[in-house]
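Input: a single structure, listed below in structure tokens.
The values are calculated or read from the model by the stated rules, or taken from the named source; none is laboratory data. Here the structure is a predicted model, which means the values were calculated and not measured. So basically every Cβ, Gly included, is an ideal-geometry build from the backbone, and we count neighbours across all protein chains shown.
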Amino acid sequence: MPIRFKHPSVLPGFGLTLGYTMFYLSIIVLIPLSALFFKTTEMTWAEFWDTVTDPRVVASYRLTLGASFVAALINVFFGFIVAWVLVRYRFFGKRIVDAFVDLPFALPTAVSGIALTAIYSQNGWVGQYLEEWNASGLRATLDSYYIAFFQWLQGVPVLSIITSFIPSDLEIKAAYSWLGVTIALTFIGLPFVVRTVQPALEELEKETEEAAASLGASRWQTFRRVIFPTVLPATLTGFALSFARAIGEYGSVVFIAGNMPGKTEITSLLIITKLEQYDYAGATAIALVMLLASFGLLLLINMLQWWASAKHRKTV
């Protein structure tokens, strides 16, 4: 059945533009992604399962997805604050701050990785103070209480899953650890949240906030019932973009991670390692798992975004 507009379109050539769009999408996205599936079919199911469930590979999944999720959550919180300040306030140097937000876009990822490693390494500007904390007597005193709490968490079935996301002691090590991976992914994902939330905040009508205030709503109630529901779809979009960007990141993470197999090795590095060993089928198998996992998570986030938008439209 041919596609027809309910109203005549101002711009002609719908069929031509749709055909060009599908052709461009196929060349750039669909054909390369389908190559993953075809290359993976060279393996038997047993070989595929052994490859993607190898303990080293599973550890890289856990680190990549976990650090990407935590980094995206951090970016949602602080990115919203940055966007709010840039939209609602006037201050000296605002244009400079606004330009700094886009710095991770323009900066080569390898350069940012080297810079972060230099800052958070043992002798870096920040890393040296972390080393002092690790060697301090206060850390040694608190460590025994923390270890006891950690062991208690492991003994509770419902809470034991938390222990896989927190360190077993109070030693804080940024470079060459999971914390360094999270810092790098937070750095490269912040602009996605800021640039997504910022236009939504700019489009907010001040009259609605004034009306809420005139009806007796406090500032917190105005934010919770008027502002936040309006910008929630944009916030979820920023989270999805930041999360997706972090999953596939390589350059800014490979230096600060340390790349210890089973501990600080990210999935993208493991794929590169497979390619260097000419194990193309194994590399595509791991990439396929990450592709399916990313697609499923992004689909879930988009469904939440659609639900938030529909809910907001009903309340307006």
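Only residues that are more than 30 Å from Ile266 (Cβ to Cβ) and surrounded by 16 or more Cβ atoms within 10 Å (Cβ to Cβ) were counted across the range 178-222, and they come to 6. Filter the range 210-250 down to residues that are assigned to a helix (DSSP H, G or I) and hydroxyl-bearing (Ser, Thr, Tyr) and give me whichever is farthest from Thr196 (Cα to Cα). Applying the filter and picking the extreme gives Ser214.
For the range 251-271, the condition holds for at least one residue, the condition being that it is farther than 18 Å from Thr196 by Cβ, free of Cβ contacts under 8 Å to residues at least 40 places away in the same chain and assigned to a helix (DSSP H, G or I). Leu65 meets each of the listed conditions (1) within 27 Å of Val289 (Cα to Cα); (2) touching an Asp or Glu at 6+ places or on another chain (Cβ under 7 Å) apart from (2). Note on the range 34-59: residues that are under 23 Å from the mean Cα position of the chain (by Cα) and over 12 Å from Val289 (Cα atoms) amount to 2. For the range 240-267, the set of residues classified as hydroxyl-bearing (Ser, Thr, Tyr) and surrounded by 20 or more Cβ atoms within 10 Å (Cβ to Cβ) consists of Ser242, Ser252, Thr264, Thr267, listed by residue number. Of Phe165, Phe187, Phe192, all but one fail to be modelled with pLDDT under 80 and under 30 Å from Ser112 (Cα atoms); the exception is Phe165.
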